[in-house]
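Novice: A single structure is presented below for examination.
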Amino acid sequence: MRNKADAVIVGGGIIGVATAFYLARAKYGQIVLVEQEPLLGAGATSKAAGGIRAQFSTRVNIEMSMLSEEIFVNFKEETGFDALFDQVGYMFLLQSDEEVTRFQKSCELQRSLGLDVKMLTPDEISKVAPHISLEGIRTATFCEQDGLGDPHEFLTGYEKAARDMGVDLELDTTVTGIERHQGAISKVLTSRGSISTPLVINCTGPQAGLIAEMAGAKLPVAPIRRQIVTTGKLDFVEPYFPMVVDVKTGLYCHKESQGMLLGWADKSVEPSFDVSLDPNYTDHILEIALERIPQLEQAEIGNEWTGLYEVTPDHHAVIGWEPEVRGLFHIAGFSGHGFMHAPAAGRISSEIICGKKPSLDISALDPTRFGKGVMVEETNVI
Ligand SMILES: Cc1cc2nc3c(=O)[nH]c(=O)nc-3n(C[C@H](O)[C@H](O)[C@H](O)COP(=O)(O)OP(=O)(O)OC[C@H]3O[C@@H](n4cnc5c(N)ncnc54)[C@H](O)[C@@H]3O)c2cc1C
């Protein structure tokens with residue numbers, strides 16, 4: 001492993017690898033990416049449900065998604081490698097007055113930014129997502145450009161392209177400390193030796209708060225367990241079946257392999273690094289899924305797993321220079337949306353680090369917002 005670099009990226013998930021690609025493309029200099037696991041993408045990235053959507057409630061999240069979706073569609077031109085963005089669409093099922101009003105408001109904002117999002121009647125819902133029970137459902141929002149992708153495919157594309165441009169990817173290498181000299185980053189200590197560098201990019205997902213702490217900073221990113229279940233083969237699942245989110249219960253589901261993937265965010269889970277499987281969590285997912293998709297009665301469980309969301313107080317990512325430590329840049333805290341925002345996050349971070357004007361105004365994601373108390377909450381979180 002080299003002992004000197006222009007930039008050290010800590011974390012080899014989708015965010016770290018995408019950032020390595022964009023920085024290398026900008027010819028930033030010698031970049032070393034350090035990942036503690038023997039494989040890239042072994043953290044939250046490998047647990048993601050693969051949802052990609054632009055239907056958010058704040059301008060910055062909508063624009064981050066729209067830019068990312070453009071890159072996902074043109075991924076081959078961007079990186080030289082294939083990866084499928086399956087644009088089956090994303091649907092939010094709405095029941096109460098409060099839900100309808102809130103999503104109508106978001107739709108107006110999304111349309112004003114150029115997103116083609118519709119409000120569907122129950123009949124239209126059935127055409128796009130047959131087998132969904134319409135019990136209690138008044139309407140749904142639907143965006144055809146949203147959809148699904150395999151995080152591993154996109155990560156691999158970015159990885160290969162980054163390697164081809166000379167990025168060093170150091171696996172099985174844990175960052176154990178970060179040294180500063182006169183308030184600025186000077187060295188990264190790892191389980192395999194140290195690397196002198198003026199720049200550390202913190203892409204450690206749920207562990208981002210720990211890396212910030214090593215450098216003498218504070219970052220409010222909480223690790224929160226989420227659980228997913230997949231079914232075995234189901235004959236009724238059509239290739240066009242979209243991602244469906246039942247806003248009232250928090251259930252989300254989409255086609256997966258030859259069956260379905262079912263997930264739900266248990267809002268009572270406290271922050272911790274615990275990733276043990278909870279059978280009650282799975283039971284609850286199946287219970288609410290059966291109500292919305294009665295045909296799941298014939299389903300067998302295919303697989304189940306847990307992973308960690310990386311949650312900030314306002315459910316927005318943190319992208320920018322750490323105010324307390326010169327040379328520390330955070331790209332973290334995506335609050336469950338890091339796969340879908342990775343292309344935009346990587347590209348824009350690279351622009352900021354290289355001193356260019358970013359293609360999007362992401363000042364709302366600046367790390368200083370927590371100290372200033374100027375947070376704007378993202379309300380459309382799953
Ligand atoms: C169940 C579940 C479902 C999800 N579904 C979706 C979805 O549908 N769509 C979506 O966009 N997002 C989804 N997400 C969120 C998404 O997975 C994350 O936002 C995204 O993967 C974050 O990527 P990352 O690279 O920041 O983090 P990670 O993938 O966790 O990568 C961080 C890496 O840093 C490494 N690391 C940590 N500490 C150190 C250290 N000290 N030294 C060296 N390396 C270190 C870790 O090993 C890890 O590989 C989901 C998450 C979960 C848990």
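Bear in mind these aren't lab numbers, they're just calculated from the coordinates by the rules spelled out. Just so we're clear, the structure is a prediction, and the values are computed from it rather than from any experiment. For neighbour counting, all protein chains shown are included, and Cβ atoms are generated from backbone atoms with ideal geometry for every residue, glycine included.
Novice: Find me the longest stretch of the chain that has none of the exposed GluC sites (Glu not before Pro), where exposed means in a DSSP loop (not H, G, I, E or B) with at most 16 other Cβ atoms within 10 Å.
Specialist: 145-299
Novice: Each label point is 7 Å from the Cα along the Cα-to-Cβ direction; what then is the distance between the points at GLU144 and ASN303, in nm?
Specialist: Here the modelled spin labels are 3.2 nm apart.
Novice: Additional query: On C-alpha positions alone, give me the angle between the axis of helix 151-164 and the longest principal axis of the chain, in degrees, nearest 10.
Specialist: Roughly 30 degrees between the two axes.
Novice: Let me ask something additional. Mind checking the full-extension length gain between LYS267 and TRP321? Use 0.36 nm per residue of separation minus the Cα-Cα distance, one decimal, nm.
Specialist: 16.4 nm
Novice: Now, a different point. Can you give me the angle between helix 14-25 and the longest principal axis of the chain, using Cα atoms only, in degrees from 0 to 90, rounded to the nearest 10?
Specialist: 50 degrees
Novice: Give me the net charge of ILE52's neighbourhood, meaning all other residues with Cβ under 10 Å from the Cβ of ILE52; Lys, Arg count +1, Asp, Glu -1.
Specialist: Overall, the nearby charge balance is -2.
Novice: Here is a follow-up. Can you tell me the 0 to 90 degree angle between the C-alpha axis of helix 97-112 and the longest principal axis of the chain, rounded to 10?
Specialist: The helix 97-112 is inclined about 50 degrees to the chain.
Novice: Still on this model: Relative to the present Cα-Cα distance, how much length would full extension add between VAL374 and GLU213 at 0.36 nm per residue of separation?
Specialist: 55.7 nm
Novice: Let me ask something additional. With a sphere of radius 13 Å drawn around the Cβ of SER191, what net charge do the other residues whose Cβ falls strictly inside it have (Lys, Arg +1; Asp, Glu -1)?
Specialist: Within the 13 Å Cβ shell, the charges total -3.
Novice: Please list, by residue number, every one of the chymotrypsin sites (Phe, Trp or Tyr not before Pro) in the stretch 76-111 that is coil in DSSP and has at most 16 other beta-carbon atoms within 10 Å.
Specialist: Loop-located and lightly packed - PHE81.
Novice: Shape call for the chain from the C-alpha gyration tensor, a ≥ b ≥ c root eigenvalues: rounded (a/c under 1.5), prolate (a/b greater than b/c) or oblate?
Specialist: prolate
Novice: Next question, about the same structure. Return VAL175, VAL100 ranked ascending by Cβ neighbour count within 10 Å, so the fewest neighbours appear first.
Specialist: VAL100, VAL175
Novice: Run the simple label-point estimate for LEU290 and ILE352 please: 7 Å along Cα→C-beta, distance reported in nm.
Specialist: 4.7 nm
Novice: Compute the Cα gyration tensor for the stretch 324-382, then decide on rounded, prolate or oblate, letting a ≥ b ≥ c be the square roots of its eigenvalues: rounded whenever a/c is under 1.5, prolate when a/b is larger than b/c in the other cases, and oblate in all that remain.
Specialist: oblate
Novice: So, one more: Most exposed first by the Cβ proxy, i.e. fewest other Cβ within 10 Å, how do ASP150, ASP116 rank?
Specialist: ASP116, ASP150
Novice: Under 14 Å from a label point 7 Å along Cα→Cβ of MET119: give me every residue in the stretch 80-98 with its amide N that close.
Specialist: 92-98
Novice: With θ taken as phi - 60° and the coefficients 6.51, -1.76 and 1.60, list the Karplus ³J(HN,Hα) couplings across the stretch 360-368 in order, rounded to whole Hz; mark glycine and proline as x.
Specialist: Whole-Hz 3J(HN,Hα) from phi for the stretch 360-368: 10, 7, 10, 4, 5, 9, 4, x, 6.
Novice: At a Förster radius of 56 Å, what calculated FRET efficiency corresponds to the Cβ-Cβ distance of ARG192 and GLU108, to the nearest 0.05?
Specialist: It comes to 0.60.
Novice: So, one more: I'd like the Karplus ³J(HN,Hα) series for the stretch 265-280: coefficients 6.51, -1.76, 1.60, θ = phi - 60°, whole numbers in Hz, and an x wherever there's a Gly or Pro.
Specialist: 9, 7, 6, 8, 5, 7, x, 5, 8, 5, 10, 6, 6, 10, x, 5
Novice: Quote to one decimal, in nm, the extra length available between ASN74 and GLN258 on full extension: 0.36 nm per residue of separation minus the C-alpha distance between them.
Specialist: Once the chain is fully extended between ASN74 and GLN258, it gains 63.6 nm.
Novice: Relative contact order (percent) for the stretch 233-382, with alpha-carbon contacts under 8 angstrom and 6 or more residues of separation?
Specialist: This gives 18 percent for the stretch 233-382.
Novice: Cα gyration tensor of the stretch 85-132, axes a ≥ b ≥ c as square roots of the eigenvalues: rounded (a/c below 1.5), prolate (a/b > b/c) or oblate?
Specialist: Oblate, because a/c is 1.5 or more while a/b does not exceed b/c.
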